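Rule-based calculations on the coordinates, nothing more; no lab input. Quick caveat: nothing in here was measured; it's all calculated off a predicted structure. Glycine also receives a Cβ, built like all others from the backbone with ideal geometry; neighbour counts cover every protein chain displayed.
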Amino acid sequence: MQMQPPHDTTEADDFTTVDDRSPAALRGLLADATARADDPSGSPLAGQTVALLFEKPSTRTRVSFETGLTRLGGHAQFLGPDDLQLGAGEPLRDTARALSGYVDGIVARLFDHEDLLTLAEYASVPVVNGLTDAAHPCQTLADLLTLRQTVGLDASLTWVGDTNNVCRSLVVGCAALGVDLTVATPAGYGLDDGLLERAVALGGPPETTTDPAAAVADADAVYTDVWVSMGEDPDGDKRAAFVDGGFGVDSDLLGLAADDAVFMHCLPAHRGEEVTEAVLESGQSVVWQQAENRLYAQEALLELTVG
Ligand code: CP
Ligand code: NVA
């Protein structure tokens with residue numbers, strides 16, 4: 001029997017990917033995030049509860065959502081992998097409908113992006129993507145906010161490394177806001193056509209290359225993330241392509257960027273792999289500002305979606 005979702009699957013309040021919001025709405029979110037950073041007063045989510053449904057570990061996403069909900073006057077209910085009947089085999093679609101009777105929104109960190117879409121389909125409350133294998137849109141909001149605060153949104157940004165969830169959402173966010181993005185990855189690890197088509201539809205695809213030095217030359221911002229993401233085989237041979245191609249961001253590579261270029265990383269970082277200790281701890285690194293911005297960006301998002 002075909003399962004019928006209980007509501008319109010195009011519900012506007014979900015935030016499953018960056019392009020669930022228009023470019024104008026994304027700019028509005030950055031403005032609202034700045035306002036929340038400057039003045040966190042008021043309790044727009046008073047009496048409201050948001051479930052944090054997490055299948056994977058998290059420091060920044062979990063704590064920034066929990067703290068953000070407190071600052072908005074609401075309540076966060078953390079649900080880890082061992083806390084629910086979901087872990088004992090209850091279907092996600094049943095979990096979605098049961099939770100919708102209790103909470104006003106769901107932030108979910110799941111392995112499979114398709115599961116997030118199922119959750120959004122069956123939940124009657126807004127669903128926010130807290131990271132899947134395919135996307136990390138909340139990270140992109142904080143990244144764009146950080147760019148705006150540091151080098152500006154008209155600067156040039158170079159991604160060096162894996163085209164993972166963080167990169168994919170960044171590509172979409174940069175296309176939506178017209179940020180000049182270059183993506184450098186080893187051959188065979190590039191962006192898929194589907195994502196590039198989404199970027200084209202939003203305003204333009206990133207430049208792509210397999211040459212990290214050429215990509216970083218004169219860039220205003222350099223961004224990297226781990227080479228092996230959560231859920232991928234940590235013992236696979238993927239790392240070798242990044243090591244052999246010189247994709248680790250060290251002082252020499254960053255030295256090719258503009259003199260006042262900033263270094264970005266979504267964290268957690270693997271020092272000695274995608275970035276050196278010296279770069280991460282350098283004066284050019286804005287990673288802590290970037291991490292803090294998760295709080296303000298998500299407060300703005302929660303106010304818009306759940307509030
Ligand atoms: N950047 C990020 O999402 O970090 P966590 O895995 O700690 O949440
Ligand atoms: N690409 C990383 C991001 C962690 C925040 C991962 O998915 O593990």
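Quick notes on this structure:
- For the range 59-187, diffusion coefficient by Stokes-Einstein and Kirkwood Rh (Cα), 25 °C, 0.890 mPa s, µm²/s: 150 µm²/s
- Kirkwood hydrodynamic radius of the range 126-266, Cα pairs, Å: 15.1 Å
- Kirkwood radius and radius of gyration were both taken over the C-alpha atoms of the range 192-307, and their ratio Rg/Rh is 1.01.
- The distance between label points at D252 and A213 comes to 0.8 nm (points 7 Å beyond Cα on the Cα→Cβ vector).
- Rounded to 10°, Cα long-axis angle of helix 287-305 versus longest principal axis of the chain: 30 degrees
- Start at zero, step by 20 Å, and the Cα-Cα distances of the chain spread as 34, 57, 9, 0 percent across the bins.
- Across the range 170-307, Cα pairs under 8 Å and at least six residues apart give a relative contact order of 21 percent.
- Where N is the number of residues in the range 178-226, Cα Rg divided by 2.2 N^0.38 Å: 1.16
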